[in-house]
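Written out below as structure tokens is the structure these notes cover.
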């Protein structure tokens, strides 16, 4: 086994970069890495957040090409958009918890400081609470595959939301305690991001551009772009499109509205434009996404 992973960039490892069949996905490290000789080439997930728990074994995680050792028990925090790769010792055991955008929105509601902390890739040592949290998520997730259990019940979603929220909070505490998080000291940038998110929530249906949000915040578009990139690792346009896309996914999943009606309510000039926007971001058409959900 080589000491460093290859340089090809993949987006489909450990779940799809564009969508998940559920708001939470959980699997063992071995289930996927063993198929790739315990090496996962550099890849990224634009709209997924991952917590990788290494219970035993060893390995190295590479963030943007920089290697960090994995000494169990530890948890790897992988924010959306971070290019990462893994080289595991054969037989390494643990779990990978993957959260979709919609679940992240629920978790971070009223807790944007946690979003900022977890926007930084990190490797932290675990405590009993984190280990138990991951194990509970795994057991709850597996219930979906029990023929006598309704895997899409509201109860299961609520339990998974609570367990994932607790895990995110515990990992955030560990990141603050065990690593240097420069973004925490940037109180002004933190407040700016909160203000931007409030504006996006109020105006995303109006299809405001970066310049519109910068004007409302009384700063230049260049300054806004730089601050958001430093705080989240993403451009402002990603935050804007992500909010519109999440609303589209919710409408397609939880309502029976016609596609033309959804397009109109989301502020698109015509259904064809809405379909192109959705397909470009999701990799499948609105109709296909709805059929898959059904």
Can you pull out every residue in segment 227-256 that is over 17 Å from residue 197 (Cβ atoms) and either surrounded by 14 or more Cβ atoms within 10 Å (Cβ to Cβ) or touching a strand residue (DSSP E or B) at 6+ places or on another chain (Cβ under 9 Å) (or both)? 248, 249, 251, 252
Filtered residues of segment 254-269 (kept if in contact with a helix residue (DSSP H, G or I) (Cβ under 7 Å, 6 or more places away or on another chain) and not in a helix (DSSP H, G or I)): 257, 266, 267, 268
Across segment 214-228, what is the number of residues that are more than 28 Å from residue 99 (Cα to Cα) and not in a loop (DSSP other than H, G, I, E, B)? 6
Given (1) touching a residue at least 60 places away in the same chain (Cβ under 8 Å); (2) within 21 Å of the chain's Cα centre (by Cα), index of the condition residue 206 fails: (2)
Considering only segment 63-92, how many residues are free of Cβ contacts under 8 Å to residues at least 60 places away in the same chain, buried (at least 18 other Cβ atoms within 10 Å of the Cβ) and within 18 Å of the chain's Cα centre (by Cα)? 4
Name the residue that is nearest to residue 84 (Cα to Cα), counting only residues in segment 202-221 that are surrounded by fewer than 13 Cβ atoms within 10 Å (Cβ to Cβ) and at pLDDT below 90. 220
Find the residue count for segment 22-52, including only residues that are part of a strand (DSSP E or B) and in contact with a helix residue (DSSP H, G or I) (Cβ under 9 Å, 6 or more places away or on another chain). 11
Out of (1) assigned to a helix (DSSP H, G or I); (2) closer than 13 Å to residue 101 by Cβ; (3) under 17 Å from the mean Cα position of the chain (by Cα), what's the single condition that is false for residue 231? (2)
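The values are calculated or read from the model by the stated rules, or taken from the named source; none is laboratory data. Keep in mind the model is a prediction, meaning the values are calculated, not measured. Positions of Cβ are generated from backbone atoms using ideal geometry, with glycine treated the same way; all protein chains shown enter the neighbour counts.
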